[in-house]
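To keep things clear, I will list the structure first and then write my remarks on it.
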Amino acid sequence: MSKAKKRVFSIVKAVKQNARERVGQPPPEKILPDPKQKALTKPKHKETLADLLQKSDAD
């Protein structure tokens, strides 16, 4: 069986570990809404008064 690999000291990892001990774990990532998907849900232009009147006449 081979020997375990010796760990190399990393300043970045040491600083992060120290910060986690003092402050705590960072919150999980927030998923940002996709701007293209958001744009598809909203109409590009508001309905005009004429369009609204035509819809109400059809009903």
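The numbers here are math on the coordinates, done by the rules we state, and not lab data. This is a predicted model, so every value here is computed, not measured. Positions of Cβ are backbone-derived with ideal geometry, glycine not excepted, and every protein chain shown enters the neighbour counts.
A straight chain from residue 51 to residue 4 at 0.36 nm per residue would run longer than the Cα-Cα distance by 9.5 nm. Per residue, the Cα convex hull of the chain amounts to 267 Å³.
Helix 49-58 and the long axis of the chain differ in direction by around 70°, with both axes built from C-alpha atoms. Mind checking the chain for GluC sites (Glu not before Pro) that DSSP puts in a loop (not H, G, I, E or B) and that have at most 11 other Cβ atoms within 10 Å? Counting only loop positions with at most 11 other Cβ atoms within 10 Å, the GluC sites (Glu not before Pro) in the chain are 29, 47. Return one number: the angle in degrees, 0 to 90 and rounded to the nearest 10, between the long axis of the Cα atoms of helix 11-23 and the longest principal axis of the Cα atoms of the chain. Its long axis makes an angle of about 70 degrees.
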